[in-house]
Amino acid sequence: MPQFKFRLDAPLRLAERELENERRCLAKELEKLHQKKTFCIDKEKQWQKALEGQREAGLKEPEHLGSWQEYAVSLLQQLRKLQQELELQEKVVDVQRLRVRNAHQEQEKLKKLKEKQEAAFWLKEQRREQKALDETGQVIFIRQQEQQKSETEDGTYL
């Protein structure tokens with residue numbers, strides 16, 4: 001029995017590998033994004049505590065107010081830097097999602113092409129088999145008719 005051979009199997013396997021690689025990259029970029037979000041949240045909490053310490057120092061320990069202010073400003077600068085990094089990472093994740101989507105589309109395109117070609121192959125194979133069966137049936141029918149004809153001819157000559 002014939003086997004279906006898809007001529008684009010190699011590109012299909014490459015597309016599947018590419019999709020898997022892009023998904024791994026997306027997972028890494030999402031992990032980085034999650035870490036940066038966590039760092040931002042932690043830094044914001046530190047900054048809020050520094051602001052609280054600054055308020056308390058303003059009320060109870062004015063001699064420490066300057067150091068609290070410097071600390072709060074430093075934390076705010078770090079927080080803004082982390083927020084910028086977070087925005088950049090979100091853009092990287094968006095780009096990576098687009099790459100995953102494109103790789104997925106390429107893989108799906110090749111899969112559908114394979115399915116269509118395979119369906120056409122099997123339909124053609126069924127038609128070929130049916131044609132062979134029909135021809136075999138016709139040959140058998142003709143032989144039976146010839147045999148009956150020769151039997152009747154043999155019977156009339158006797």
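What to note about this one:
- The residue list LEU12, LEU33 contains one member that is part of a helix (DSSP H, G or I), aliphatic (A, V, I, L, M) and farther than 30 Å from LYS112 by Cβ, which is LEU33.
- Number of residues in the stretch 97-110 that are surrounded by 15 or more Cβ atoms within 10 Å (Cβ to Cβ) and not small (Gly, Ala, Ser) equals 6.
- Per-region count, the stretch 7-56, residues under 19 Å from LYS111 (Cβ atoms) and touching a Leu at 6+ places or on another chain (Cβ under 7 Å): 4
- Checking ASP42 against (1) surrounded by 15 or more Cβ atoms within 10 Å (Cβ to Cβ); (2) under 37 Å from the mean Cα position of the chain (by Cα), the condition it does not meet: (1)
- Total residues in the stretch 1-50, condition within 30 Å of PHE121 (Cβ to Cβ), in contact (Cβ under 8 Å) with a residue 24 or more places away in the chain and of a type in the set (A, V, I, L, M, F, W, C): 6
- LEU76 vs. criteria in a helix (DSSP H, G or I), closer than 29 Å to VAL100 by Cβ and either free of Cβ contacts under 8 Å to residues at least 24 places away in the same chain or touching a helix residue (DSSP H, G or I) at 6+ places or on another chain (Cβ under 9 Å) (or both): no
- Candidates VAL100, VAL93 - the one that is of a type in the set (A, V, I, L, M) and within 30 Å of PHE4 (Cα to Cα): VAL100
- Each residue in the stretch 56-73 was checked for being surrounded by fewer than 13 Cβ atoms within 10 Å (Cβ to Cβ) and either of a type in the set (D, E, K, R) or under 30 Å from LYS32 (Cβ atoms) (or both), and 4 of them qualify.
- Which listed residue is closer than 30 Å to GLY53 by Cβ and open to solvent by 90 Å² or more (accessible area, probe 1.4 Å), from GLU87, GLU135: GLU87
- Search result, residues across the stretch 121-132 that are over 20 Å from PHE6 (Cα atoms) and open to solvent by less than 100 Å² (accessible area, probe 1.4 Å): GLU129, GLN130, ALA132
- In the stretch 86-109, the residues that are within 13 Å of LEU33 (Cα to Cα) reach residues that are of a type in the set (Asp, Glu) and surrounded by 14 or more Cβ atoms within 10 Å (Cβ to Cβ) with C-beta atoms within less than 6 angstrom, at least six apart or across chains, in these pairs: VAL92/GLU29; VAL93/GLU29; GLN96/GLU29.
- Filtering the stretch 1-17 to residues that are open to solvent by less than 80 Å² (accessible area, probe 1.4 Å) and closer than 30 Å to LEU88 by Cβ leaves only ALA15.
The values are calculated or read from the model by the stated rules, or taken from the named source; none is laboratory data. Computed from a predicted structure; not experimentally measured. Backbone-built Cβ (ideal geometry, glycine too); neighbour counts: all protein chains shown. These area figures cover heavy atoms from the full protein model, side chains too; ligands, DNA and RNA do not enter into them. Shrake-Rupley method; radii C 1.70, N 1.55, O 1.52, S 1.80 Å.
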